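The values are calculated or read from the model by the stated rules, or taken from the named source; none is laboratory data. Everything quoted here is computed from the prediction, not taken from an experiment. Cβ coordinates were reconstructed from backbone atoms using ideal geometry, including for glycine residues, and neighbour counts include every protein chain displayed. Calculation scope for accessible area: heavy atoms of the full protein, side chains included, ligands and nucleic acids excluded. Shrake-Rupley method; radii C 1.70, N 1.55, O 1.52, S 1.80 Å.
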Amino acid sequence: MSTASRLPKSIQQLTAKLPTEVNSTILRLAMLSLIGQVVLVVTGGAVRLTSSGLGCPTWPRCTSGSLVNTPEMGIHGFIEFGNRMLTFALAAVAVLMLVYLWNLRKERRDLFLLAVGLLASIPAQAIIGGITVLSNLNPWVVGLHFLVSMALVVFSTLLVNRAYGRTGRFMKRPLAAIPGAMSPVMTAVAFFSAVAVCLGVVVTGAGPHAGDANAPRNDLDWDLFSHIHAVPAYLITAGAVFAVYFVLRKGISGAFRTAALLLLGVTVLQAVIGFAQYYNGIPALLVGAHMLGAALLMSAATNAADVARFSPKL
């Protein structure tokens with residue numbers, strides 16, 4: 001007896017209506033997941049930069065007597081609770097993705113497992129967020145909260161690439177050949193992007209934007225770690241310039257050309273924002289832009305490494 005025949009009739013009727021190939025709804029859900037994860041990084045930054053980290057002073061409730069924020073809590077409660085609600089919205093997107101992939105769970109195991117990973121990570125993210133509040137915004141827990149968001153950006157980027165057939169076993173069109181050195185270089189760029197993000201967490205934990213006036217800091221030398229944080233950024237820039245140089249020199253077209261140019265553009269933008277905030281007293285608006293840039297950099301680096309991996313080599 002098949003698995004489908006053992007399901008209740010109502011469930012069988014539902015699964016019969018679900019797609020048996022990747023359709024426009026699955027593509028939209030994949031893209032929505034990526035956009036949502038980037039937006040979550042931005043709203044998380046807004047919580048910290050507006051000193052709304054304890055806008056909801058407890059967890060899982062917003063206050064001891066209310067599940068949601070109250071008017072008396074003002075803008076800080078609204079910002080913090082809004083960020084919590086976005087997590088639930090992303091969980092709903094992940095659940096819908098799994099539902100729509102149900103009939104494809106064996107054929108498109110790559111998509112199904114990525115969707116499972118996204119869904120499993122979101123409750124973990126919510127729990128870490130709760131610990132963040134209950135620990136009075138401990139900078140190391142806040143940093144872990146941010147790093148999980150970065151991992152979700154990576155997973156979502158891979159999900160988009162696989163769903164659209166850009167990479168993986170189910171590519172819709174062959175990729176242009178690239179120099180053999182490109183794949184390890186792009187993998188190194190993705191690795192150093194992750195290192196830069198981790199060091200950025202340390203820098204932020206030593207800086208002034210704690211999320212609340214009474215939140216602790218990690219007591220490390222902010223200026224020293226800012227310079228250490230810049231080292232992997234220089235390596236990322238070198239890798240991106242290297243990739244673009246060979247793309248233009250050898251006339252490489254297609255997905256890798258786009259990925260390399262996008263990576264260089266995001267890297268340069270992120271560097272400009274980083275230098276601007278360093279030399280202008282770390283204004284909150286630029287810190288928020290730098291957090292958005294970090295999410296875009298992780299996505300661009302993941303995309304470049306993924307495309308390079310599946311491109312034939314010259």
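Return the residue satisfying two criteria in turn: it lies in the stretch 230-251 and is assigned to a helix (DSSP H, G or I) and not hydrophobic (A, V, I, L, M, F, W, C), and of such residues it is modelled with the lowest pLDDT.
The residue in question is R249.
Take V272 and tell me if it is open to solvent by less than 20 Å² (accessible area, probe 1.4 Å) and either on the phi > 0 side of the Ramachandran plot or in a helix (DSSP H, G or I) (or both).
no
Pairs under 8 Å by beta carbon, first residue over 22 Å from T167 (Cα atoms) in the stretch 89-114, partner open to solvent by 30 Å² or more (accessible area, probe 1.4 Å) and not in a loop (DSSP other than H, G, I, E, B), six or more apart or different chains?
Within 8 Å, the pairs are A91/L119; A91/P123; V93/L32; V95/L119.
Given the stretch 1-114, what helices (runs of 4 or more DSSP H) lie entirely inside it while holding 1 or more residues that are open to solvent by 30 Å² or more (accessible area, probe 1.4 Å) and closer than 23 Å to A295 by Cβ?
24-49, 74-100
Residue by residue, here is whether (1) part of a loop (DSSP other than H, G, I, E, B); (2) closer than 13 Å to A295 by Cα; (3) under 15 Å from the mean Cα position of the chain (by Cα) holds:
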| site | (1), (2), (3) |
| --- | --- |
| L137 | yes, no, no |
| S149 | no, yes, yes |
| T157 | no, yes, yes |
| A176 | yes, no, no |
| S183 | no, no, no |
| V189 | no, no, no |
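As an exercise: evaluate V203 against (1) farther than 24 Å from A284 by Cβ; (2) open to solvent by 10 Å² or more (accessible area, probe 1.4 Å); (3) in contact (Cβ under 8 Å) with a residue 24 or more places away in the chain; (4) part of a helix (DSSP H, G or I) and give the number of the one condition it does not meet.
V203 satisfies every listed condition except (1).
Do we have G254 as at pLDDT below 95, touching a Lys or Arg at 6+ places or on another chain (Cβ under 7 Å) and surrounded by 14 or more Cβ atoms within 10 Å (Cβ to Cβ) here?
no
Among the residues of the stretch 206-226, write down those that are in a helix (DSSP H, G or I) and either open to solvent by less than 40 Å² (accessible area, probe 1.4 Å) or touching a Leu at 6+ places or on another chain (Cβ under 9 Å) (or both).
A206, F225, S226
What's the number of the only condition in (1) out of contact with any helix residue (DSSP H, G or I) (no Cβ under 6 Å at 6 or more places or on another chain); (2) more than 18 Å from G45 (Cα to Cα); (3) polar (S, T, N, Q) that S121 fails to meet?
Tallying (1) out of contact with any helix residue (DSSP H, G or I) (no Cβ under 6 Å at 6 or more places or on another chain); (2) more than 18 Å from G45 (Cα to Cα); (3) polar (S, T, N, Q), S121 fails exactly one: (1).
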